[in-house]
Structures are given as C-alpha cells and as structure tokens.
Amino acid sequence: MTLVSTDAIVLHVQDYLESSRIVRLATREHGVQSVLARGARRPRSKFGSSLDLFASGVAQFTLKPGRELSNLSGFDLTRSRMGLAADLDRFASASALAELAMRFAHADPHDDALEVLGRSLDEIAGAPRGLSTECGLAAAWRYVAALGFAPTLDHCCSCGTELPVDRAAPFSHHGGGVVCERCKRTVSIGRELPAEARTAVSSWLSHEQGEALSDLEKRAHLRLLREFLHHHMGDGRALRALDGWEARLRRPA
Ligand SMILES: [Zn+2]
C-alpha cells in the first residue's frame, strides 16, 4: 500500500452508502483510478465541493494492489469547471470526453494526455455561443491524438502517398486514415470522407478553430468519431455518453 499524490481530473462521481462518494479520476502516473471519498457528502466534509465533475486537482490516495478501492485522503482543487454543467450541449460533449478518458486513458507520466484532457475541457467550457459541438468535436479528436491514435488525413494510411486534404477521399477506420485510389482495393473502407470533413478534422488536430458546421455535418462528424473509436480503439462496448451526445444532435432544436 503506497500513498501517492498526483495531478488528476474528476471523470465520474457516484454516491456511495450514506455519506460517501466513489470518484473516478484520470491521473498522470496511475491511469484511471476509482477512489473512495469517505464522508464526501457530509455538510462539513474536507472535500467541500472540490470533487465536482470535470474538476482538476492534486489527488492524494493510497494505492492498493489488485482491484481494491483506494482511499482518497485529499483533493487540492486547481480548477473547478462548474460552468460545464450549466449548458446541456457543453455537458454532453464534456461527458463524452470523460468517457473516452475512462475507457482509453493509460498510465504514462511522460505523455501529455492529462494536460490535453484538461485543456480540452477548458475549450468546451469556453466555447463561443453556438459552437459548442464544433469545440467538443475538436477536443475529442485532439484527445484521441494525445492517446496516440490520431487519424491519418494528409497521406494514405497504407502506402504513405500524399493526398491533398482539399478533396474527398475514402476513409478506412481499420487502417486509421484516408486511403489512396491504388490501396482502396486492398484496405477495408468505412466511408468516403468529403473534403470539408477532412479539412475540419485536420484543422482541429492542428489546434485551429475550424468552420461552423451545419446540423447535418455535425451529425456526420459525430458518426465518424463514433465509428473511428469503435473500430480503432474500442473493445465493442457501447460508448454511452458519446451516443447521448449524438442523440442530442438528432433532436429538433
Ligand atoms: Zn496508398
């Protein structure tokens, strides 16, 4: 049993017994951890409101071998991001991002996935009015890239031939990117990616704002993201928050 102190982001919070909470944390050194915050629901708990969803902080907990729940002894809040819960569109995309972290984050003190996750949540929280879906999509692709799964958009994912992003190209979920005319006979193709969609994902990955999308384009992008995650990173299990985000876009405004 070791006491650790690590940068962390709150991904999920659930009530436990009468007064406690079980919190899922993305941490820098120890991957995703479930910790028990004893007494966190008591009025004068030492945790106060620091353990709100999407908050960043420094978590101290005892790391136990095996699957046993670790005890959270402290959480020093550095950023609360409470605004994310005040807007349903932002909340939907932030939840999908947290779900990605819960499923795919790994323990690597040397990569910057935790920073990218924090920055991405900040970007969604600060999304200009009417652009929260675009910001959420950009954030999701950047986080996927930080986890090491960036899609290939400017050259063939099979042979490496350069493919200018200003035209449509077949996209292979299995191969993880666009495919040239020659290789499309041998690589399984998911769908044709229009030039606008390639440009949008490329610009998001290069940290550019990208254009505002039509409702139809938003839905197509969510579908692309879902299919990519299922084929390239997933284990076949449903991504419920991502599905919920997609369902929101299908509803009439
Ligand atoms: Zn090729």
ask   = With axes computed from alpha carbons, what is the tilt in degrees of helix 215-228 against the longest principal axis of the chain, rounded to the nearest 10 within 0 to 90?
value = 80 degrees
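Quick one: length gained pulling Leu77 to Ala107 fully straight, 0.36 nm per residue minus the C-alpha distance?
Details: separation 30, 0.36 × 30 = 10.80 nm, distance 2.11 nm.
Using 0.36 nm per residue and subtracting the Cα-Cα distance, I get 8.7 nm.
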note = In whole Hz, the Karplus estimates of ³J(HN,Hα) for the range 112-119 (6.51, -1.76, 1.60; θ = phi - 60°; x where Gly or Pro) are 10, 4, 5, 5, 4, 4, x, 5
key: Extension gain from Ala145 to His232, taking 0.36 nm per residue of separation minus the Cα-Cα distance   = 30.1 nm
remark   = Over its alpha-carbon atoms, the range 150-242 yields an Rg and a Dmax in Å of 13.1, 37
message = Going by amide H atoms built from the backbone, whose H comes under 5 Å of the H on Ser73, apart from near neighbours?
response = Gln60, Phe61, Thr62
task = Send over the per residue convex hull volume for the chain, Cα only, as a whole number of Å³.
result = 140 Å³
inquiry  = Taking the 0 to 90 degree range and rounding to the nearest ten, how far is the long axis of helix 88-104 tilted relative to the main principal axis of the chain, both from C-alpha atoms?
reply    = 90 degrees
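I need the peptides 17-30, 137-150 ranked by packing, meaning the mean over residues of other C-beta atoms within 10 angstrom, with the highest value on top.
On the way: 17-30: 18.6, 137-150: 20.3.
Highest mean packing first, the order is 137-150, 17-30.
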Placed amide H near Ala55: partners under 5 Å, 5+ positions off or other chain = Val10
query = Accessible surface of Met82 in the full protein assembly, 1.4 angstrom probe, to the nearest 10 Å²?
reply = 120 Å²
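Provide, as a two-decimal number, the C-alpha radius of gyration of the range 8-113 over 2.2 N^0.38 Å, N being how many residues it has.
Working: Rg = 13.4 Å, N = 106, 2.2 N^0.38 = 12.9 Å.
That works out to 1.04 for the range 8-113.
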ask   = Scattering from the C-alpha atoms of the range 89-207 alone, worked out with Debye: what is log10 I(q)/I(0) at q = 0.20, 0.22 1/Å?
value = -1.06, -1.15
remark   = Counting only protein heavy atoms and leaving out ligands, DNA and RNA, the solvent-accessible surface of Asp52 at a 1.4 Å probe, in Å² to the nearest 10, equals 60 Å²
key: Full-stretch length increase - Ser19, Leu3 - with 0.36 nm per residue and alpha-carbon distance subtracted   = 3.4 nm
note = In order over the range 150-156: 3J(HN,Hα) from phi, Karplus 6.51/-1.76/1.60, θ = phi - 60°, whole Hz, x for each Gly or Pro, gives 4, x, 8, 10, 10, 8, 4
ask   = Just for the Cα atoms in the range 121-163, what are the lengths along the principal axes, largest first, rounded to whole Å?
value = 41, 21, 9
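Within the set of other residues whose C-beta is less than 13 Å from the C-beta of Gly130, count the net charge using Lys and Arg as +1 and Asp and Glu as -1.
Residues close to Gly130 contribute a combined charge of -2.
The values are calculated or read from the model by the stated rules, or taken from the named source; none is laboratory data. Only a predicted model underlies this, so the values are computations on that prediction, with no experimental measurement involved. Cβ: placed from backbone, ideal geometry, glycine included. Neighbour counts: every protein chain shown. Keep in mind that these areas ignore ligands, DNA and RNA; they rest on the heavy atoms of the full protein, side chains included. Shrake-Rupley method; radii C 1.70, N 1.55, O 1.52, S 1.80 Å.
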